[in-house]
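I have placed the structure first, in the form of structure tokens, so that the comments after it can refer back to it.
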Amino acid sequence: MNFNWYYIFNALDFESAGLVQRTYSLILDGIGEKDILVTKGNYLGITYEGVFLPYDLAGIGQFEFEGFAIAKHENGNVFLGIEVDEN
């Protein structure tokens, strides 16, 4: 699968602020303005278009589900991946 990747937030900043949830309103290039819910419980994750994407589920760094993905860079930056049509 190929994805377009969008920076959403920095996990280190999110965790150091003591947050458990926050909604980010972002303009995604080619998509427009979207609200993305970030939550921290057992897993840090994002909800986009009704799909929850946990980071590091079962020790797997990048997680893909229903055409979306989440990935975290070493510096804490978290990205949302949206599948692109390969045709």
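Scan the stretch 1-22 for residues that are out of contact with any Phe, Trp or Tyr (no Cβ under 9 Å at 6 or more places or on another chain) and within 21 Å of ASN75 (Cα to Cα) and jot them down. So that I can check it myself, show each step before the final result.
First, the residues of the stretch 1-22 that are out of contact with any Phe, Trp or Tyr (no Cβ under 9 Å at 6 or more places or on another chain): 1-2, 4, 10, 12-21.
Matches in the stretch 1-22: ASN4, ASN10, LEU12, ASP13, PHE14, GLU15, SER16, ALA17, GLY18, LEU19, VAL20, GLN21.
Of the strands (runs of 3 or more DSSP E) entirely within the stretch 11-74, those holding at least 2 residues that are surrounded by fewer than 17 Cβ atoms within 10 Å (Cβ to Cβ) occupy 21-28, 32-40, 51-54, 63-65.
Here, each number is a calculation from the coordinates, and none is a lab measurement. This one's a predicted model, so the numbers in the text were calculated from it and none came from an experiment. Note that we place each Cβ from the backbone using ideal geometry, even for glycine, and neighbour counts take in every protein chain shown.
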